[in-house]
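What follows is a set of notes on a single structure, which appears directly below.
Here, each number is a calculation from the coordinates, and none is a lab measurement. Every value quoted in this text rests on a predicted model; they were computed, and no experiment measured them. A quick note on method: Cβ atoms are made from the backbone with ideal geometry, for glycine too, and the neighbour counts reach across all protein chains shown.
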Amino acid sequence: MSLKEFVLTTTVQASLAYKARGSAIRGALAQRAYPRASQPTRDRVGAAAVQMQSELVDDGAQFALKCYALARQAVEGGAALIVFPEYAWLPLLGLLPSARALIEEGFTLERALQEPATSESSAPRILQTLAPAIKSILETTGRELASRFGAYIMIGTGIALNSAGQMFNTAYLFGADGALIGTQPKLHPTAREISWMTPGEDLNIFTLPFAKLAMPVCMDYSFWETTRIAALRGVDILLGFSAEENANEFHLAMRGIASRVQESYAYGIQACGIANFAGLNFCGPSYIVASIGMRRDTTTFLARTRTHNVEEVITAELDLARLRDFRASQARDANLELYRKYLPQAYESYRARVTQDGKRRVV
Amino acid sequence: MFHISTLQLALTLVASPQEFYERMSPPIERAATNGAQLVVLPNYTGLMLLGVVVRAEQKSLALGELARAGNFATVSELLCTAAPGMRDFYLQIFSTLAKRARVFLAPGTVVEMHAGRLYNTAYLFTPEGSVVGSQKQTHRTSREIAWGFSQGEELSVWDIGDARVGFVVGTDVAHPEVARILALQNANLLIHPAAYPTYHDEYFLLDLWRDVQGNQVFGVQSCAGGEFRGKSAIYAPVEMTRARTGILAQATSADGEEIIRATLDFDALQKNLDAYSVFDFFNYGFYARAFPSTYRGRV
């Protein structure tokens, strides 16, 4: 690192640390009113999906206040379990010096992230610099909102760094007492993430007093493996969140969590981010779904946002007692011999073939 | 280009092999006349032949009533007794029909005995009438468990021209492991003989559509009508269909008899995969670590 780069990095880090400071976030949130979330029971829980519009903010406090307003809508709608979108951290790009000017000049995040991380000013290195501020702001915001509302909050995904400097797209779940229950790094990166994101290694299951939860991230729902493992580990509610450009194409979107809850006998909450800057065009709609057949009507949707491109909060009551009854009535016929024979060996054979051929060939 | 047809047929008991032949022959020949190279029929077609073994007044496939009418203690006993005869008729008749129509024929399933166990098995015939292969159903509904069906423990794929096909038999469609294992073995066309008890507009989330999207292959689903419900369909990845629905062709009703056809372009499928293959994003390490212990511990 050159002296110039060192000075620049140090200055940016100091500025970010200041803008992310927890005391400012706590101070801003302390001045707001907090209706208490209705307490979930083993039989039912109110759930919310927050379809959040990304707009650049100047500091952590501004971000926290935006999240507050959305979480309050969710709580007032009866939710005790609130899900924010993937890439909830995007507004925090505004913390970077000159970010607004760059975006106005046509900077696109996707193009920038494909650049090799050769200098301190490359996009992946800038994200590494921003990551601690993102983590700090998400954690403080999540902790404060969860404890003040008395709600379980998945505050969205941020960028987590490990000691080797690898970046993960990681979701954060907070308990109603404000404690961080756990995190989940994304297991399957998308094409635009693969150059900078390291995939997670395992799927975590969170046992809450009312239900078991898992929170695979966006693309993870394109792979039934993720939710099959969650289901076999006893999950009742799948928290889903995405930041996608094609989420408003009905059949494309149906390949994700709406398909996965059918195999998993679980509820699913899909919260979509909306973004229209830095070359991003993320959209909804967001929805809350149940396995078809669990209820008298024949739709998988318990709630859906009215729009795909406007900030909205939707809520629905998840009937956990009904879920248990449904599962009991739908005994699954597993085939252990078959799974033992092919899984995971079939993946390895496929990988060897693709390595040899250079790509997946179907003709 | 590969032309396929799927037949949506009402399943009813037949009184004789001749009646079965006369029932199956016209739609298969019509599909072949329309250019089909592969014709697919629904799940449980072979059960129609139970009427040959048990002389009963009823036409419906209510096996409990049929067992009682034939003085069998259980459905399982009825099926064990009838299986060898049904299988013989099924193989003979569909071999003849494949040969007559000059098509690859996937004529649904037949109940068969193998090493003292009952299986629901799908067969595939060549245009010369010989058997390409057979696929035992690997997962069962609770009703099929009560009938005494066992689980198949192999999944195979076969080359038939440009198509490399594998079967997702009946309720195997509820288990995404099946389609994935077939796709990992390079299947590019999944054949799903189905007999659903019900149908509604979002049923595609439960049927072969889901497997086709998740594995980026073609899929053909043949639904039984009559006392069963479902819309037979030919599916492709969403990006390959004009209306971006993932549906190349679909029956217009959920209970009537229809012939549905479509042309599969495997070169276009390859181009679709070259542009974006979801398999490129497998997390091999995660599956290798999680599957053995999770299946062992929880199933």
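Summing +1 for each Lys or Arg and -1 for each Asp or Glu, what net charge is found among the other residues whose Cβ lies under 11 Å from the Cβ of B:Leu184? Write out the running numbers ahead of the final one.
Values: positive: A:Arg351, A:Arg353, A:Arg360, B:Arg180; negative: A:Glu348, B:Glu177.
With Lys, Arg at +1 and Asp, Glu at -1, the neighbours total +2.
Relative to the longest principal Cα axis of chain B, at what angle does helix B:17-33 sit, 0 to 90 degrees, rounded to 10?
Tilt relative to chain B: about 30 degrees.
Once you have a ≥ b ≥ c as the square roots of the Cα gyration tensor eigenvalues for region A:3-335, tell me rounded if a/c is under 1.5, and otherwise prolate or oblate according to whether a/b is larger than b/c.
Cα axes put region A:3-335 in the prolate bin.
Residue by residue through B:265-276, how many Cβ atoms from other chains fall within 10 Å of the Cβ on average?
The shielding value for this peptide is 2.
Once you order the gyration tensor axes a ≥ b ≥ c over the Cα atoms, which shape class does region A:160-240 get: rounded for a/c under 1.5, otherwise prolate or oblate by comparing a/b with b/c? Please report the intermediate quantities before stating the final value.
Numbers: a/c = 2.48, a/b = 1.33, b/c = 1.86.
Since a/c reaches 1.5 but b/c is at least a/b, the shape of region A:160-240 is classed as oblate.
In the protein assembly as shown, what % of DSSP beta bridges are antiparallel (nearest 5)?
On the way: 60 of 95 bridges.
DSSP beta bridges in the protein assembly as shown are roughly 65 percent antiparallel.
For region B:200-289, which chymotrypsin sites (Phe, Trp or Tyr not before Pro) are both in a DSSP coil and crowded by at most 14 other Cβ atoms within 10 Å? Walk me through the numbers before you get to the answer.
On the way: sites: B:Tyr203, B:Phe204, B:Trp209, B:Phe218, B:Phe228, B:Tyr235, B:Phe266, B:Tyr276, B:Phe279, B:Phe281, B:Phe282, B:Tyr284, B:Phe286, B:Tyr287; in loops: B:Phe228, B:Tyr276, B:Phe282.
The qualifying sites are B:Tyr276.
Suppose R0 equals 60 Å; then what is the FRET efficiency for A:Tyr18 and B:Arg100 from their Cβ-Cβ distance, rounded to the nearest 0.05? Write out the running numbers ahead of the final one.
On the way: r = 82 Å, r/R0 = 1.37.
In this case the efficiency is close to 0.15.
Let me have the relative contact order for chain B, percent, based on Cα pairs under 8 Å that are six or more residues apart. Please list the in-between numbers first.
On the way: 661 pairs, mean separation 57.5, N = 299.
Relative contact order comes out at 19 percent.
Quick check: net charge around B:Val238, other residues with Cβ under 10 Å of its Cβ, Lys/Arg +1 and Asp/Glu -1? Please report the intermediate quantities before stating the final value.
Values: positive: A:Arg255, B:Arg244; negative: A:Glu249, B:Glu239.
So the surrounding residues net to 0.
How big is the gap, in Å, between the Cα center of region A:330-363 and the Cα center of region B:139-213?
Measuring centre to centre over Cα atoms gives 15 Å.
Given a Förster radius of 22 Å and the C-beta distance between A:Leu8 and A:Asp58 as r, what FRET efficiency does 1/(1 + (r/R0)^6) yield to the nearest 0.05? Mind dumping the intermediate values first?
On the way: r = 20 Å, r/R0 = 0.91.
Efficiency for this residue pair is about 0.65.
Given the peptides A:37-46, B:166-175, arrange them by the average over their residues of other C-beta atoms within 10 Å, most packed first.
B:166-175, A:37-46
Using the Karplus equation 6.51 cos²θ - 1.76 cosθ + 1.60 (θ = phi - 60°), what ³J(HN,Hα) coupling, rounded to whole Hz, does each residue of region A:40-54 give in order, writing x for Gly and Pro?
Once θ is set to phi - 60°, the couplings for region A:40-54 become x, 10, 5, 9, 7, 8, x, 10, 9, 10, 9, 8, 9, 7, 7 Hz.
Compute the distance from the alpha-carbon center of region B:235-281 to that of region B:1-79, in whole Å.
With region B:235-281 and region B:1-79 each reduced to a Cα centre, they are spaced 28 Å.
Counting other Cβ atoms within 10 Å, keep those with at most 12, restrict to DSSP loop, and tell me which trypsin sites (Lys or Arg not before Pro) in region A:234-336 are left. Show your work: numbers first, answer last.
On the way: sites: A:Arg255, A:Arg260, A:Arg295, A:Arg296, A:Arg304, A:Arg306, A:Arg322, A:Arg324, A:Arg327, A:Arg332; in loops: A:Arg255, A:Arg295, A:Arg296, A:Arg306, A:Arg332.
Hits after loop and neighbour filter: A:Arg296, A:Arg306.
Longest exposed-loop-site-free stretch of chain B, with trypsin sites (Lys or Arg not before Pro), DSSP loop and at most 15 other Cβ within 10 Å?
On the way: sites that count: B:Arg55, B:Arg102, B:Arg242, B:Arg244.
The answer is B:103-241.
Taking Cα centroids, how far is region A:1-70 from region B:88-131 in Å?
Using only Cα atoms to place each centre, the spacing works out to 64 Å.
What is the mean number of Cβ atoms from other protein chains located within 10 Å of the Cβ atom of each residue in peptide A:329-337, rounded to a whole number?
Details: counts 1, 3, 3, 5, 15, 7, 13, 5, 5.
The shielding value for this peptide is 6.
Are there any GluC sites (Glu not before Pro) in region B:14-81 that are in a DSSP loop and have at most 11 other Cβ atoms within 10 Å? List them by number. Mind dumping the intermediate values first?
Values: sites: B:Glu19, B:Glu22, B:Glu29, B:Glu57, B:Glu65, B:Glu77; in loops: B:Glu57.
Those satisfying the criteria are B:Glu57.
Could you list B:Met48, A:Met52 in order of exposure, starting from the residue whose Cβ has the fewest other Cβ atoms within 10 Å?
On the way: B:Met48 25, A:Met52 29.
Sorted ascending by nearby Cβ count, the order is B:Met48, A:Met52.
Give the long-range amide H neighbours of B:Phe167: residues separated by 5 or more places, or on another chain, with amide H under 5 Å away, using H modelled in the peptide plane at 1.01 Å from N.
B:Ser156, B:Ile191
I need the shape label for the protein assembly as shown. Rule: rounded when a/c is under 1.5, else prolate if a/b > b/c, else oblate, with a, b, c from the alpha carbon gyration tensor.
Prolate is the answer for the protein assembly as shown, as a/c is 1.5 or above and a/b outweighs b/c.
Which residues' amide hydrogens lie under 5 Å from the amide hydrogen of A:Met167, considering only partners 5 or more residues apart or on another chain, with H built in the peptide plane?
A:Thr198
Evaluate the relative contact order of region A:54-113 (contact order divided by residue number), counting alpha-carbon pairs under 8 angstrom at least 6 apart; express in whole percent. Before the final figure, lay out each step's value.
Numbers: 30 pairs, mean separation 30.6, N = 60.
That works out to 51 percent.
Using only atoms on other chains, find how many Cβ atoms lie within 10 Å of each Cβ of peptide B:228-239 and report the average.
Details: counts 0, 0, 0, 0, 0, 0, 0, 0, 0, 2, 8, 4.
What the average comes to for B:228-239 is 1.
Test of understanding: in a Gaussian network model of chain A with alpha carbons linked when under 10 Å, which of A:Arg72, A:Arg21, A:Arg192 would top the mean-square fluctuation ranking?
The residue that fluctuates most here is A:Arg192.
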